[in-house]
Amino acid sequence: MLARLTRQVSAEKEQDILMHHEYDGIRELDNVLPPWWVWLFYGSIIWSVVYLVNVHIIDIWPDQKTEYTNEMVQARVDVDAYMATLTNTVDENTVVLSTEASVLGSGRTAFTQYCTPCHGADGAGSETSVGPNLTDAHWIHGGGVKNVFSTIKYGVPEKGMISWKTQLKPAEIAALTSFIISLQGTGSATQKAPQGELWTEGGAPVDTTATAPDSSAVRADTARLAVN
Ligand code: HEC
């Protein structure tokens, strides 16, 4: 096998291919080119033709520059997809409701840690609690993920609800938001009476005196606070 690949002449027959010149006793054998090398050489010539035709003439394969551009485009798509999974970049415009147990669980933990003094352990408040009932369908600053997220993030400092954006990460605010919305309708026997307007998801607040007809928009009052 090796002999076929190299076509090396055996030592006994070297005499036959010995060339006639001699320099200071150094002589040369007239070996043929090893077939493995010759095949590789022909192969590369054939390949160059295939490459030339496919890449430069009929254009069915991308050239290196196009390949590079394609890879960069794909990389951008991948990075964007990855960034979208980082919930820490979420804000009141991109926040979405989560019903995942892990998210609601961390929302509950944060709620217990930061929010219960004013909103009650169950979020329903009481007649003496500072904060409103978060379990009913009435909202002072609008219901739905976007408004609730926005209220927690920017707060209503003049009414005693602080802005949490410096203490909580966006992902934590998002988890709190989903947790609070999951409390809808739970209430309690001693819950605080409804305050604000009845909120219907996907529609304008039922109260026609409301100023924000677009439910998806952040209400003007919270948006104003966002500037501070
Ligand atoms: C120091 C007391 C206090 C704490 C602590 C507090 N809140 Fe509030 N919260 C309030 C008050 C007071 C309001 C009502 C503001 C108003 O009347 O405009 C409110 C309103 C809200 C609203 C809007 C309710 C509505 O009807 O629109 C949400 C949502 C809310 N709080 C969530 C939270 C969350 C989440 C936390 C914990 C991270 C928290 N609050 C901690 C006092 C508090």
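The values are calculated or read from the model by the stated rules, or taken from the named source; none is laboratory data. Quick caveat, the model's predicted, so the values are computed rather than measured. Methodologically, a virtual Cβ is constructed for each residue, glycine included, from the backbone with ideal geometry; neighbour enumeration extends over all protein chains shown.
Couple of notes before you dig in:
- Every condition in (1) in a loop (DSSP other than H, G, I, E, B); (2) touching a helix residue (DSSP H, G or I) at 6+ places or on another chain (Cβ under 9 Å) holds for ILE152 except the one numbered (1).
- Test result for SER106, away from the ligand (no atom under 11 Å from the Cβ), on the phi < 0 side of the Ramachandran plot and among the small types (Gly, Ala, Ser): yes
- Among the candidates PHE149, PHE179, the residue that is of a type in the set (Phe, Trp, Tyr), modelled with pLDDT of 95 or more and touching a Lys or Arg at 6+ places or on another chain (Cβ under 8 Å) is uniquely PHE179.
- Breaking point among (1) among the aliphatic types (A, V, I, L, M); (2) more than 9 Å from the ligand (Cβ to nearest atom); (3) crowded, with 18+ Cβ neighbours inside 10 Å, for VAL148: (2)
- Filter pass, ALA75 being within 16 Å of the ligand (Cβ to nearest atom), at pLDDT 95 or above and surrounded by 10 or more Cβ atoms within 10 Å (Cβ to Cβ): no
- Looking only at residues in the stretch 151-162 that are at negative phi and near the ligand (Cβ under 9 Å from one of its atoms), the one that is surrounded by the fewest Cβ atoms within 10 Å (Cβ to Cβ) is GLU158.
- Which numbered condition ASN93 fails, given (1) in contact (Cβ under 8 Å) with a residue 12 or more places away in the chain; (2) within 15 Å of the ligand (Cβ to nearest atom); (3) not in a helix (DSSP H, G or I): (2)
- Members of the stretch 109-144 found to be among the aliphatic types (A, V, I, L, M) and near the ligand (Cβ under 8 Å from one of its atoms), listed by number: ALA110, VAL130, LEU134, ILE140
- Check on ALA193, part of a loop (DSSP other than H, G, I, E, B), without any contact (Cβ under 8 Å) to a residue 40 or more places away in the chain, more than 8 Å from the ligand (Cβ to nearest atom) and over 22 Å from LEU104 (Cβ atoms): no
- Taken over the stretch 55-100, the criterion of being under 22 Å from PHE149 (Cβ atoms) and over 18 Å from the mean Cα position of the chain (by Cα) is satisfied by THR99 alone.
- Test: residue in the stretch 42-63 that is touching a His at 6+ places or on another chain (Cβ under 8 Å) and either more than 30 Å from THR135 (Cα to Cα) or modelled with pLDDT of 90 or more (or both): yes
- ILE173 surrounded by fewer than 20 Cβ atoms within 10 Å (Cβ to Cβ) and among the aliphatic types (A, V, I, L, M): no
- Some residue of the stretch 5-12 being touching a helix residue (DSSP H, G or I) at 6+ places or on another chain (Cβ under 9 Å), part of a helix (DSSP H, G or I), closer than 30 Å to ILE152 by Cα and of a type outside the set (S, T, N, Q): no
- Screening THR109 against (1) closer than 16 Å to LYS169 by Cα; (2) touching a residue at least 60 places away in the same chain (Cβ under 8 Å) leaves a single unmet condition, (2).
- Yes/no for GLU158 being within 21 Å of THR85 (Cα to Cα) and either among the charged types (D, E, K, R) or assigned to a loop (DSSP other than H, G, I, E, B) (or both): no
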